Amino acid sequence: MYSENFTFIVKTSTLYGILAAVFSLVGLFLSSAYLVGNPLEVSGISVEHVTGHIVLGLMIGLVTFRLKYFLIGGIFSIILDTDHLIQFLGIEVVPRMAHSISFGLIAIFVMMIIFGKRDYLLGAISFAAVLSHISFDILLSGTSEFPFFTPFTSEVTIFKGYDWILMEIVAVMLVGISVLISKRKKMKNEFKL
Ligand SMILES: [Zn+2]
């Protein structure tokens, strides 16, 4: 059981990170691409940054009351930043591509297809981790812009002030709803048996 959980966490987190990095490639083809620069210089990385993302991510996983989902909540939320890796190439891109609704939806789809079509918790966390990540980005910088509706619009969405609270609440609620859905489905199945 223990090693099963461990493998689940490692596999899902690795794929989630790869997905975010691959999705950032879409930004190469968008007309709004520009030269962003080295992410370590432009975005900066600090202990606060990493810890904050993990803590807010763990909070969305906490709602499930299951250790493995609690942990992937924290890991997904920080690993989403693999979409910055493309900036190292020094070519024109749209920064933070995975900080978007479309990435969240693709992540639900891919993660559930690969790791379990009935794993609603995994699906919900895959999407909610994006919101939770954005939440801390806003909290940390006070105001921040994201290609939230990419690729459907090239305009960035600006979030500021207390928007981070709203983002985190929606994220927690989504995971909460998935917990209810999976409980209901389980009860139905048991009833059938
Ligand atoms: Zn970020």
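The values are calculated or read from the model by the stated rules, or taken from the named source; none is laboratory data. Since the model is a prediction, treat every value here as computed from it, not as a measurement. All Cβ positions, even for glycine, are placed from backbone atoms using ideal geometry, and neighbour counts span all protein chains on display. What goes into the accessible areas is simple: the full protein's heavy atoms, side chains included, and nothing from ligands, DNA or RNA. Shrake-Rupley method; radii C 1.70, N 1.55, O 1.52, S 1.80 Å.
Starting from residues that are of a type in the set (A, V, I, L, M, F, W, C) and open to solvent by less than 30 Å² (accessible area, probe 1.4 Å), keep the ones in the stretch 1-18 and report whichever is farthest from the chain's Cα centre (by Cα). Even if it seems obvious, please write down each step before you answer.
In the first step, residues of the stretch 1-18 are kept if they are of a type in the set (A, V, I, L, M, F, W, C); the result is 1, 6, 8-10, 15, 18.
Right, trim to open to solvent by less than 30 Å² (accessible area, probe 1.4 Å) and you get 8-9.
Details: Phe8: 17, Ile9: 15 Å.
Ranking the qualifying residues of the stretch 1-18, first place goes to Phe8.
Against the definition (within 22 Å of Gly74 (Cα to Cα), surrounded by 13 or more Cβ atoms within 10 Å (Cβ to Cβ), within 18 Å of the chain's Cα centre (by Cα) and within 12 Å of the ligand (Cβ to nearest atom)), how does Asp119 come out, yes or no?
Values: within 22 Å of Gly74 (Cα to Cα): yes; surrounded by 13 or more Cβ atoms within 10 Å (Cβ to Cβ): yes; within 18 Å of the chain's Cα centre (by Cα): yes; within 12 Å of the ligand (Cβ to nearest atom): no.
Spelling it out, it is not the case that Asp119 is within 22 Å of Gly74 (Cα to Cα), surrounded by 13 or more Cβ atoms within 10 Å (Cβ to Cβ), within 18 Å of the chain's Cα centre (by Cα) and within 12 Å of the ligand (Cβ to nearest atom).
Could you please find all residues in the stretch 66-85 being more than 13 Å from the ligand (Cβ to nearest atom) and touching a residue at least 24 places away in the same chain (Cβ under 8 Å)?
Arg66, Leu67, Lys68, Tyr69, Leu71, Ile72, Gly73, Ile75
Looking only at residues in the stretch 139-161 that are at pLDDT below 95 and in contact with a Leu (Cβ under 9 Å, 6 or more places away or on another chain), which one is nearest to His99 (Cα to Cα)?
Checking each candidate, the answer is Pro147.
Would you mind telling me which numbered condition in (1) in contact (Cβ under 8 Å) with a residue 40 or more places away in the chain; (2) touching a Leu at 6+ places or on another chain (Cβ under 9 Å) Met112 fails?
Of (1) in contact (Cβ under 8 Å) with a residue 40 or more places away in the chain; (2) touching a Leu at 6+ places or on another chain (Cβ under 9 Å), only one is false for Met112: (1).
Condition first: hydrophobic (A, V, I, L, M, F, W, C) and open to solvent by less than 40 Å² (accessible area, probe 1.4 Å). Now tell me which residues in the stretch 31-57 satisfy that. Steps first, answer last, please.
So in the stretch 31-57, the residues hydrophobic (A, V, I, L, M, F, W, C) come out as 33, 35-36, 40, 42, 45, 47, 50, 54-56.
Hits for the stretch 31-57 are Ala33, Val36, Leu56.
Inside the stretch 175-193, can you point out the residues that are in contact (Cβ under 8 Å) with a residue 60 or more places away in the chain and out of contact with any Gly (no Cβ under 9 Å at 6 or more places or on another chain)?
Within the stretch 175-193, Gly176, Val179, Ile181, Ser182, Lys185 meet the criteria.
Condition (residue is under 16 Å from Ala171 (Cβ atoms) and open to solvent by less than 50 Å² (accessible area, probe 1.4 Å)) applied to the stretch 83-97: is it met by at least one residue?
So the first thing to find is which residues in the stretch 83-97 are under 16 Å from Ala171 (Cβ atoms), and the list is none.
No, because not a single residue in the stretch 83-97 is under 16 Å from Ala171 (Cβ atoms) and open to solvent by less than 50 Å² (accessible area, probe 1.4 Å).
Specify which of the listed residues (Phe103, Phe148) is within 16 Å of the ligand (Cβ to nearest atom), open to solvent by less than 40 Å² (accessible area, probe 1.4 Å) and within 22 Å of Phe8 (Cβ to Cβ). Steps first, answer last, please.
Working: Phe148 fails: within 22 Å of Phe8 (Cβ to Cβ).
The conditions single out Phe103.
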